[in-house]
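Scroll down for the structure; my scribbles are underneath it.
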Amino acid sequence: MLSKRLIACLDIRDGCVVKGVNFEGLREAGDPAALARRYNAEGIDELVILDVTATVEARRAIDATIQAVAHELFIPLAVGGGIRSEADAAAAFDAGADKVSLNSAALADRSLLTRLAARYGSQAVVVAIDAKRARGRFEVFARSGRVSSGRDAVEWAVEAERCGAGEVLLTSIDRDGTRAGFDCEMTAAVASAVSIPVIASGGAGTFEHFHEVFTTGRADAALAASVFHFSEHAVLDLKQFLWGKGIPVRC
Amino acid sequence: MIALVDYGAGNLASVRKGLAAAGARFHAPAGPADLDASTGIVVPGVGNFAAASALASGWRSAIADRVAAGVPLLGVCLGMQWLFETSAEAPGVAGLGIMKGTIARMEAASDRTIKIPHVGWNSLSIVRPSRILEGIDEGAQVYFTHSFAAPVTDDTVATCEHGSTFSAAVELERVFGVQFHPEKSGDAGLRILRNFVACCRNA
């Protein structure tokens, strides 16, 4: 049976791991390669590194950081942040990424998803959707949550799948860094509308939050940052908790 | 020296790292003629089966010649699919054809309980003892990411289930294939790569 994945996210700024609340107020959380080594040893299922300021400051995720992180891992690594073109994606793959995550660039030009899927396969193309509740729907924001796209998350996820995306990384801006729990309603709405896996992100605070998002949220994977970074909960403890609740996890 | 065949289907950084961790000495041959001195061959690859058309010219016959000479061959993911005859993903592209059968698309469930691509850690059901999976326990979890899969045949040594049952690992004499990514499958994956490297030493 396919396991539910636990994914640790490293938000990178200037080569360091940082963590913010509601996409603002970033603080430092350590060296990316050291954290990657720790997570790999603790049994995390996958790692995502996001250059959180890349799009805004027109920088691509630093290849050296990708290389240093990839060097520590024998698990999948996804890279996002500032990937705007096939050349940007190629650089990320060359540095050791297994998947690239596209957000603002895909909103601006959905054919980029199609071109990357044709070249690298859908399994290597993740569409990252940042959304918050507004006007009675799940409104999609671009450029690190700064600019509304005017689109709905469910509708955009369906279109991104059709364009070639192989996974959806769905982040609740409302819940990001709050530890108030995942937005299970939004996650379930997207997960029920697409045939590709959905990774829930934003709001993880307790073990129970993960249980909720894998059941009522219908998520295929759950991503967290601070809940893992600051060692409040070991990955193994969380997996044992989920296993006890009947959720299939890799042990 | 193991030959890691780079035909442009995805990046090989992870495979290189995995082979190095498994203790392999390897190189990327510039062309099919460079396979002559190889003690083993790895065909990696992610993405569309059509990418395997890059193997059609010189590589396919050179690899077949080496296999006939007893050199171990490991196909990973798309590389495993290429060991079969054809794929529904690219019907015009011929596989190596050492394994009998056609690669088929996996089906998503209409209620969204089975998602495609099949992405993540799934468990192996061991069908019979094999060299490639020596030391791997029943139920061991490995990392998959694919939308097409090989049928279960006489060459299947482990299956996996995702909507339906498919070949997770195949073995025919010294030809091995794994649908999952051993280089992304933690300790279990590294053990599988070491098993292949050991086969190359003893070939």
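The values are calculated or read from the model by the stated rules, or taken from the named source; none is laboratory data. Nothing here was measured: the structure is a model prediction, and the numbers come from that model. Here Cβ is always computed from backbone atoms with ideal geometry, including for glycine, and neighbour counts include all displayed protein chains.
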* How many of the residues in the stretch A:1-19 are within 14 Å of chain B (Cβ to nearest Cβ) and either buried (at least 19 other Cβ atoms within 10 Å of the Cβ) or free of Cβ contacts under 8 Å to residues at least 60 places away in the same chain (or both)? -> 6
* Asked: Of the numbered conditions (1) at pLDDT 90 or above; (2) within 13 Å of chain A (Cβ to nearest Cβ), B:Gly40 satisfies every one except a single condition; which is it?
  -> (2)
* Structure fact -> Residue hits (the stretch B:15-55; surrounded by fewer than 19 Cβ atoms within 10 Å (Cβ to Cβ) and hydroxyl-bearing (Ser, Thr, Tyr)) are B:Ser53
* Enumerated helices (runs of 4 or more DSSP H) restricted to the stretch A:157-251, each holding at least 3 residues that are more than 17 Å from A:Val140 (Cα to Cα) and out of contact with any helix residue (DSSP H, G or I) (no Cβ under 6 Å at 6 or more places or on another chain) -> A:207-215, A:226-229, A:235-244
* What strands (runs of 3 or more DSSP E) completely inside the stretch B:1-100 contain at least 1 residues that are more than 26 Å from B:Val152 (Cα to Cα)? -> B:2-4
* Subset tally (residues that are closer than 19 Å to A:Lys99 by Cβ and either hydroxyl-bearing (Ser, Thr, Tyr) or within 14 Å of chain B (Cβ to nearest Cβ) (or both)) for the stretch A:162-214 -> 19
* Filter the stretch B:135-178 for residues that are hydrophobic (A, V, I, L, M, F, W, C) and free of Cβ contacts under 8 Å to residues at least 40 places away in the same chain and give the result. => B:Phe144, B:Val152, B:Val157, B:Ala158, B:Cys160
* **Number of the condition not met by B:Val170 [criteria: (1) touching a strand residue (DSSP E or B) at 6+ places or on another chain (Cβ under 7 Å); (2) closer than 19 Å to B:Thr102 by Cβ; (3) within 14 Å of chain A (Cβ to nearest Cβ)]** => (3)
* Asked: Is it the case that A:His229 is more than 26 Å from A:Ala134 (Cβ to Cβ), in contact with a strand residue (DSSP E or B) (Cβ under 6 Å, 6 or more places away or on another chain) and either modelled with pLDDT of 95 or more or away from every other protein chain (no Cβ under 13 Å) (or both)?
  -> yes
* Structure fact -> The number of residues in the stretch A:189-214 that are crowded, with 19+ Cβ neighbours inside 10 Å, free of Cβ contacts under 8 Å to residues at least 60 places away in the same chain and aliphatic (A, V, I, L, M) is 7
* Asked: Out of (1) under 20 Å from B:Arg174 (Cα atoms); (2) more than 14 Å from every other protein chain (Cβ to nearest Cβ); (3) modelled with pLDDT under 95, what's the single condition that is false for B:Ala33?
  -> (1)
* **Where B:Glu171 falls short, out of the listed (1) part of a loop (DSSP other than H, G, I, E, B); (2) over 18 Å from B:Phe49 (Cβ atoms); (3) of a type in the set (D, E, K, R)** => (1)
* To do: Go through the stretch B:139-152 and count every residue that is under 22 Å from A:Ile75 (Cβ atoms) and out of contact with any His (no Cβ under 9 Å at 6 or more places or on another chain).
  => 3
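So that you can scan it fast, the table gives a plain yes or no per residue for (1) assigned to a loop (DSSP other than H, G, I, E, B); (2) within 14 Å of another protein chain (Cβ to nearest Cβ); (3) under 22 Å from A:Leu10 (Cβ atoms):
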{"position": "A:Ala92", "(1), (2), (3)": "no, yes, yes"}
{"position": "A:Ala106", "(1), (2), (3)": "no, no, yes"}
{"position": "A:Arg115", "(1), (2), (3)": "no, yes, no"}
{"position": "A:Ala128", "(1), (2), (3)": "no, no, yes"}
{"position": "A:Phe138", "(1), (2), (3)": "no, no, no"}
* Which residue out of B:Val152, B:Val119, B:Val178, B:Val142 is farther than 20 Å from A:Glu167 by Cα and buried (at least 20 other Cβ atoms within 10 Å of the Cβ)? -> B:Val178
* If you check B:Gly92 against the conditions, is it loosely packed, with under 13 Cβ neighbours inside 10 Å and either away from chain A (no Cβ under 14 Å) or β-branched (Val, Ile, Thr) (or both)? -> yes
* Asked: Residues in the stretch A:67-84: is at least one surrounded by fewer than 23 Cβ atoms within 10 Å (Cβ to Cβ), of a type outside the set (Phe, Trp, Tyr) and away from every other protein chain (no Cβ under 14 Å)?
  -> yes
* From the list A:Ser104, A:Ser148, A:Ser122, A:Ser111, pick out the single residue that is touching a Phe, Trp or Tyr at 6+ places or on another chain (Cβ under 7 Å) and farther than 23 Å from A:Val213 by Cα. => A:Ser148
* To do: Answer yes if at least one residue in the stretch A:172-182 is closer than 27 Å to A:Thr215 by Cα, among the charged types (D, E, K, R) and in contact with a Leu (Cβ under 8 Å, 6 or more places away or on another chain), and no otherwise.
  => no
